[in-house]
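This report refers to the structure that appears directly beneath it.
The values are calculated or read from the model by the stated rules, or taken from the named source; none is laboratory data. Quick caveat: nothing in here was measured; it's all calculated off a predicted structure. Cβ atoms come from the backbone with ideal geometry, glycine included; neighbour counts cover every protein chain shown. For accessibility, only protein heavy atoms count, side chains too; no ligands or nucleic acids. Shrake-Rupley method; radii C 1.70, N 1.55, O 1.52, S 1.80 Å.
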Amino acid sequence: MTNDTICAISTAPGIGGVAVIRVSGDEAISICNRLFHPHKKGKELACQKAYTLSYGTIIHEEETVDDVVAALFCAPHSFTGEDTVELTCHGSLYIQQRILQLLLAYGCRMAQPGEFTQRAFMNGKMDLSQAEAVADLIASTSEGQHRLAMNQMKGGFSKELKSLREQLLKITSLMELELDFADHEELEFADRGELKELASQIEGVISRLAHSFKVGNAIKNGTPVAIIGKTNAGKSTLLNLLLNEEKAIVSSIHGTTRDVIEDTTIIKGQLFRFIDTAGIRNTTDTIESLGIERTFQKIEQSSIILWMIDATDAMQQIKEIGNDIFLRCKDKQLIIVINKADLLGDYPDLSGLIPANMPIIFISAKEDRNIEQLQQLLIESTQATTQPGDIIVSNVRHFEALNHALDSIHRVQEGLECNLSGDFISQDLRECIFHLSDIVGEVTTDQVLGNIFSHFCVGK
Ligand code: GDP
């Protein structure tokens, strides 16, 4: 990491009302000062107080480029922790590029993707998990993703990890103190009973965090919902309705949806990934049987299953394949959706045929009837798994590190159980601390850092 001065356009590529060009580093103020001519005499950037806005013109030799507003941030109290100037100019592509060219000519270097955030991390403004949350925040498209990224950026996860590492260090130091006095066998600084208790608490927290990944991943990439049922039940019609587009082919010819169709949509701020599947029926058509096989795989990969049944023979169908479906979906949230309710006079009472508490809803996909209630059921099914304020892990790198930490703490527990000598146990404790430190970037290699920040956009 060098401390040269970097610059980049921070607003989205293209023409906009205004654009923001960010400059950060030791020379940020002096370079901008040479290009920026204040409208009021004596208001040169270099003389301005930090956290003020100045209005002026970018002029190079005889060329007037644009009127801009310059925002000044001084080290260490800026996003990057360095002196920073943000120039807001008019959004013309020419102006943006011209100012950038001039900044480069005056001594700046083009910033790498994510380099501003990388500098913030390097300068101790945030830990690595918070820096990663910045990228997630920028990429967020739903309320759920936004909430997750915002919590992580504000440091809820970091705080939890810090407290875990402190507890682990406490056990490790007691263990290692014992080793220093290894000649005195009678000395035992660490009460093994207390250590077991502490290790079990730590295991509980790491395990909760690791398990939260399932929910976090669903929020980030969409809660997977499989729409299953016999052919012609109206699965594709419902999918199109939920996605607001003609994605799946709707046809009255049985078996039209031969492959699996997936797409995401946001319902009440929550991202869902809907999977329309080939209908379940016995078939001799090879392509279709492959599709049906894939339906069962998709059940495995989904959290919520919508079993769509044609209302005109609902009773018959539940009797026929109900037990098979209930068995396959026993660890999932299953919602029974009776479609084509428009063809019914009265709704049949099916409660005796399905397990108690299993949600059931009558809809008409064709006439858009009860679809909002179905969406509400979907929302309720996802909320059952989280509590407000829960710390939820959504990053694969963090999930992997937590799993490694979990393995290590399990070895510590085993070691304590069979009275293993302190040096073995403290090695596993150190490993556990290492994996937790990796999440916040304390022991992370340059290669991993490079990989993380290269996925950011330029200008952030
Ligand atoms: P899939 O095989 O389960 O994907 O079923 P489709 O969505 O292709 O629908 C099969 C047929 O049922 C089509 O002709 C649809 O227009 C019709 N259909 C779908 N939903 C309804 C509904 O709510 N009411 C009625 N009356 N027909 C429907």
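Just a few scattered comments:
- Only aspartates and glutamates eight or more places from Lys41 in sequence, or on another chain, were considered; those with a Cα closer than 20 Å are Glu61, Glu62, Glu63, Asp66, Asp67.
- Using a Förster distance of 22 Å, the FRET efficiency for Arg192-Val443 (Cβ separation, nearest 0.05): 0.20
- Along its first, second and third principal axes, ordered by size, segment 362-460 spans 70, 46, 23 Å in Cα coordinates.
- Binned Cα-Cα distance frequencies in segment 69-139 - 10 Å width, integer %: 18, 40, 35, 7
- For the chain, a crude dipole built from +1 on the beta carbon of Lys and Arg and -1 on the beta carbon of Asp and Glu, taken about the Cα centre, is about 1660 debye to the nearest 20.
- A straight chain from Gln383 to Phe424 at 0.36 nm per residue would run longer than the Cα-Cα distance by 10.5 nm.
- P(r), alpha carbons of the chain - 10 Å bins starting at zero, rounded %: 4, 16, 18, 17, 17, 15, 9, 3, 0
- Here the convex hull built on the C-alpha positions of segment 344-419 has a volume of 192 cubic angstrom per residue.
- With a cut-off of 15 Å between beta carbons, the residues surrounding Thr382 carry a summed charge of +3, where Lys and Arg count +1 and Asp and Glu -1.
- Charge dipole of segment 376-457 about the Cα centre (unit charges at C-beta), most positive-ward option of Phe453, Gln427, Gly441: Phe453
- The residues of segment 320-362 have, on average, 57 Å² of accessible surface per residue, using a 1.4 Å probe with all protein chains present.
- Using Cβ point charges alone (K and R +1, D and E -1), the dipole size of segment 303-460 about the Cα centre works out to roughly 260 debye.
- Neighbours of Ile318, meaning other residues whose beta-carbon lies under 13 angstrom from its beta-carbon, give a summed charge of -3 when Lys and Arg score +1 and Asp and Glu score -1.
- Nonlocal amide H pairs with Ile354, under 5 Å, H built at 1.01 Å: none
- Accessible carbon and sulfur surface of the chain relative to its total accessible area, %, 1.4 Å: 51 percent
- Cysteines without a disulfide-compatible neighbour (Cβ-Cβ under 4.7 Å), the chain: Cys32, Cys47, Cys74, Cys89, Cys329, Cys418, Cys432, Cys457
- ³J(HN,Hα), Karplus 6.51/-1.76/1.60, whole Hz, each residue of segment 332-345, x for Gly, Pro: 10, 8, 9, 10, 8, 10, 8, 9, 6, 4, 5, 8, 9, x
- Rolling a 1.4 angstrom probe over the protein heavy atoms with all chains in place gives segment 1-60 an accessible area of 54 Å² per residue.
- In this structure, the pairs whose alpha-carbon distance is over 32 Å, taken from Lys125/Lys214; Lys298/Lys319; Lys49/Lys159; Lys162/Lys220; Lys214/Lys340; Lys268/Lys460, are Lys49/Lys159; Lys214/Lys340.
- 0 to 90° range, to nearest 10: angle between helix 143-153 axis and the chain longest Cα axis: 40 degrees
- Label point 7 Å beyond Cα of Gln375 along Cβ direction - residues of segment 202-241 with amide nitrogen under 13 Å: 241
- Paramagnetic reach from Ala50 in segment 75-91 [backbone N under 19 Å; point 7 Å along Cα→Cβ]: 75-87
- Long-range HN-HN contacts of Thr57 with modeled amide H, under 5 Å: His37, His39, Val68
- 3J(HN,Hα) from dihedral phi, segment 438-448, Karplus parametrisation 6.51/-1.76/1.60, rounded to Hz, x for glycine, proline: 4, 5, 8, x, 7, 10, 7, 6, 4, 5, 5
- Ligands, DNA and RNA are left out, and with a 1.4 angstrom probe the accessible area of segment 71-176 is 42 Å² per residue.
- Placed amide H near Gly229: partners under 5 Å, 5+ positions off or other chain: Ile280, Met308
- Across segment 21-112, Cα-Cα distances exceeding 18 Å account for 38% of all pairs.
- Once the Cα atoms are used to define both axes, helix 314-328 deviates from the longest principal axis of the chain by about 50 degrees.
- Mean ellipticity per residue at 222 nm, deg cm²/dmol - from DSSP H runs of n ≥ 4 across the chain, formula -39500 (n - 2.57): -15000 deg cm²/dmol
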